1. Criterion first (in contact with an Asp or Glu (Cβ under 6 Å, 6 or more places away or on another chain) and more than 30 Å from Arg526 (Cβ to Cβ)) does Val487 satisfy it?
2. Among the numbered conditions (1) touching a Leu at 6+ places or on another chain (Cβ under 7 Å); (2) aliphatic (A, V, I, L, M); (3) without any contact (Cβ under 8 Å) to a residue 60 or more places away in the chain, tell me where Val533 comes up short.
3. Scan segment 501-532 residue by residue and report those that are in a helix (DSSP H, G or I) and of a type in the set (Ser, Thr, Tyr).
4. Within the set of pairs 6 or more residues apart or between chains, which connect a residue that is of a type in the set (Phe, Trp, Tyr) inside segment 476-500 to a residue that is assigned to a loop (DSSP other than H, G, I, E, B) with Cβ atoms less than 7 Å apart?
5. If a residue has to be more than 19 Å from Ile646 (Cβ to Cβ) and surrounded by 14 or more Cβ atoms within 10 Å (Cβ to Cβ) to count, how many in segment 672-693 make the cut?
6. Is there a residue in segment 442-465 that is hydrophobic (A, V, I, L, M, F, W, C), at pLDDT 90 or above and in a strand (DSSP E or B)?
7. Restricting the first residue to segment 273-287 and requiring it to be farther than 18 Å from Tyr135 by Cβ, which pairs with a second residue that is of a type in the set (D, E, K, R) and surrounded by 24 or more Cβ atoms within 10 Å (Cβ to Cβ) meet a Cβ separation below 9 Å and a spacing of at least six or different chains?
8. I'd like the full set of residues that are farther than 15 Å from Ala548 by Cβ, touching a helix residue (DSSP H, G or I) at 6+ places or on another chain (Cβ under 7 Å), touching a residue at least 60 places away in the same chain (Cβ under 8 Å) and not in a loop (DSSP other than H, G, I, E, B), limited to segment 581-638.
Amino acid sequence: MDDLPDAAHAPITTPPRRDPGSTAPCEPPARDGGAVSAPGATLPRQSAPAGSGLWSQLLLALVCGGYATGAALGWGSPELARVMGDFGLSGAAVLAAISCSWYSRTRNTRFRPAWLLFAASSAMAGFGNAVWGWYEVILRQQVPTPSPADFCFLLFAPPAIIGLLVLARRPVTRAGWVCLALDAWLIGGSLLTLSWSLALAHTAHFEGETVAHAALSLAYPLLDIVLVSMVLALHFRRSSANRSAINTAIAALALTVLCDALFTSPLLKANYRSGQILDAGWFAGYMLMAYAPWVAREKGDDTASRPVQAGQAGKTAQHPSRPIAGSLAALTPYLAAAVCTLGILYNVLDGHQVDRVVLFTGCTVVLALVVRQGIMLLDNISLTQELAQKENHFRSLVQGSSDVIMIAAPTGILRYVSPAAAGVYGRDAEELVGSELASLIHPEDLGRVVHEVRRFLAAPPAEEPTTRIECRFRSGSGDWLNVESTVNRHHGGLIFNSRDVTERVRLQAQLQHTAEHDPLTDLPNRALFTRRVQQALAGRRATDAGTAVLFIDLDGFKAVNDTVGHQAGDELLVQAARRLQESVRAGDSTARFGGDEFAALIIGDGTRDPAAREYRIHEIADRLRLTLSQPYKVEGGQEVRVAASIGVAFAEPGITPGGLMRNADLAMYRAKQAGKGRVELYAPQMQADVVRRAELATRLRTALHDGEFALLHQPVVELSSGRITAVAAQPRWRSTQGILFTPAEFLRVAEMERADESARTAELGRWTLEKALEHAAQRRLAGYGVPVYVRLSGARLLDKSQPPKNLEALLIRHALPTGALTLELSGSDPRIPLDELERRLVALRRFGVRIALDGFGSGYAAISALRRLPIDVLKIDRGLVEGVIESPRLHKITAGLLKIAADLGMQSVAEGVDVPEQAHALRTMGCTHGLGAAFTGPVDEHRLRHALDRGAYAVPAAESVPVDDAEQVLVGGSLPVRSGAAGGAGSLAHAPLRSNNETPVPPT
């Protein structure tokens, strides 16, 4: 039987007052419908303050106590007593009606109709008392019988009865409704038998009374009996909502019924006057009825006063079953039959003849009891069969389930094990029964399992009905299986529903390993390495000082992939990973981040001296570098070599894992920039350089659009005469901060930004070419016909994104003659196809464009370009020019390169001629032209034209410069004045055009 709260008993049988059997229903404060989102789960709500209910109860007690005191003292006068006895009770009943009505209108509950019915019932009681007072107080006469008050009192009972039906839990089957009707008749018939035997038989003789008076005399007690019957029949079928409100209403009803019973007794009825102490009981009953609907709100259990929102329902503790209440519910029909028997025995023992009404009623009660017992017997047979079917069903489920079901006693002894244990654990169920569960669990998991079981048993069952435990379980072969169990409570013990999840655990471990390790080398990947760095930093003790992270990059690995193949590259990476693992200690960690990038975490040994710490880590890093730089034997027995650039960063106090790895990364890139194959320790200046380059790159993105670039020109001077034979276009970036950046600065920043800035570099190259040709056309119109040098890389020259013949279109647009443009071919990227570049340069030469090979002597591809490409001018690299005086070795190398240019019939231009001694030395070695600070730096258009007007620069005379090992050269002579436009017969601009086929190439 469902657990039912006491508050659902609403025995509403209260005649309002005075007349025998007048029925005054105590309003069962229908508990506001418990809006429930799940079984046993209701909305958590905010309770009213604890003090508010106490103050309300104190106020109610004071009002009722004051009324009782006044009634006990007679109110001071008979007139006031009649007023308080009539209109006071009427006001209390009307107040109860208003309270119930207001509550039902302001609270959206499923019991709203019950409260409205109780309000109507109380209103009838109030009107009846008001009519009674009209006769006694206003008209000062005896109340007639029957009177309008009687009709009000009679109309009090039906709404109360219907309200009780609304509060009750309705039967769900036809047999349930029949049993409910039989129970009601058993109770009602028993009460009728007893009441008829005691009093009603005398009332029914009429003794000369009118029919109306006799009918009223019987109507009141009969309605009382109906109400009491319904209350008792529905007592154990009440709703479980609003327990406190229903209990208060029951108390009000009980008090009113008690007063009615006292009023109908002959002793009190003959001497009763309005305003006496008996009215205090009715008054208290009405006041309790007025207070009843609001008890739930004050006590905080009005669970249905607000609508339930999805997902917000909270579980409430379920009331424990009460055996006493269930026993009373089962004994109710038999108690009713006993009452009926007592009524008959009373007549027999008193010597009276058994009344026909009593006999008929008793027979019908017995018949109803027999019918009810028959229905219950059939119901029990049906339930027994259903229970047997369910038992067989569940037994089949348990025995046929692939999961193992075990029942453990509170002591941990297994009392039942399903047959599935043989297939899952490899052990018979009979073998496991009687053994201790703790002996079957892995010792490492036992403590965790015991802790979880204790926590589960201590938790409220309503909040946590089940729990889940995963542990290792001993199988029949002695192996340990991973078992997942769902645990439920069972009579103080536990039920385990277990399944073998060993394969799932293995798969999870494999997936976890795959997610955290590199598939090629099986080293930890970046995610796992980062977590280990975080653990090392978080758990670093005083003895862990000196923890460092090493970032390692294999130099030349791409060349291995390109030349030997990717399979050989993968073998090299596997061997490098093995060497890296073997070179660190057991407590250290290694990782591969992807490509040819590796990392190592070196745990400190407690060294406090920073110098000793750096020396130790540097020694480890250098040993790793040497180990990784040893030759590798790859596919086919071929031997390949790579170098290793290593960056080291130490774990300083307060540093984060991301910051430590970033510092190591910066140090590694510094090692690559410094020449590769070396170890670099992180310094704070590296981060400052990165920030500065990032800021510079950000400003560079908008510099072109904001007009911050300017084009300067540096004169190219003939070393023999000092004449200006050409100008080299050089862009400069004048930032908004007023800083003038050279191409060596901002182009290096652009190249470091890779993909995004490659477009910026291309855009800058296009802008330089267009501006240089535009200025050249303007100078030509002004009478300065010097050609212009524009630097352009081979990759930009072959850029497919540019319109075809874009350079030719620019020359035509500005109407520049043949030889007006010399392209300085920069860069020595071996990936550029020389065949395609050669075809493009040949087409440009036919269009009158001269080709200069920039940076000759610095790139390994220069000789190939010189052999394959149609070159007219060789530009000697600045690095050779700088040491041509101090280094005899560079002197000989430069002289050899200049001799190659002379033998091939090419003109030579030395870049970076900054002192006169360099100009003299280069001229004596056969260099024809030069540019640099020895003559002038890059100048704007105004200064350039002024220099062109002057015509030439002073060069040191051969006889004035002593030639010795020191090669000290002094500048002499004056600057000659230009007699005509630059670019005469001996100028570089008008050197004869020569095709690649005409170039005399010495035999190789």
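1. no
2. Result: Val533 fails condition (3) only.
3. Within segment 501-532, the subset in a helix (DSSP H, G or I) is 502-516, 526-532.
If the condition is that a residue be in a helix (DSSP H, G or I) and of a type in the set (Ser, Thr, Tyr), then Thr502, Thr514, Thr530 are the ones that fit.
4. Correct list of pairs: Trp480/His442.
5. Adding up the residues that qualify gives 1.
6. Within segment 442-465, none of the residues are hydrophobic (A, V, I, L, M, F, W, C), at pLDDT 90 or above and in a strand (DSSP E or B).
7. Leu278/Arg17
8. Arg592, Phe593, Leu628, Tyr632, Glu635 - these are the residues of segment 581-638 that are farther than 15 Å from Ala548 by Cβ, touching a helix residue (DSSP H, G or I) at 6+ places or on another chain (Cβ under 7 Å), touching a residue at least 60 places away in the same chain (Cβ under 8 Å) and not in a loop (DSSP other than H, G, I, E, B).
The values are calculated or read from the model by the stated rules, or taken from the named source; none is laboratory data. Worth saying up front: this structure is predicted, and the values here are computed from it rather than measured. Virtual Cβ from ideal backbone geometry, glycine too; neighbours counted across all protein chains shown.
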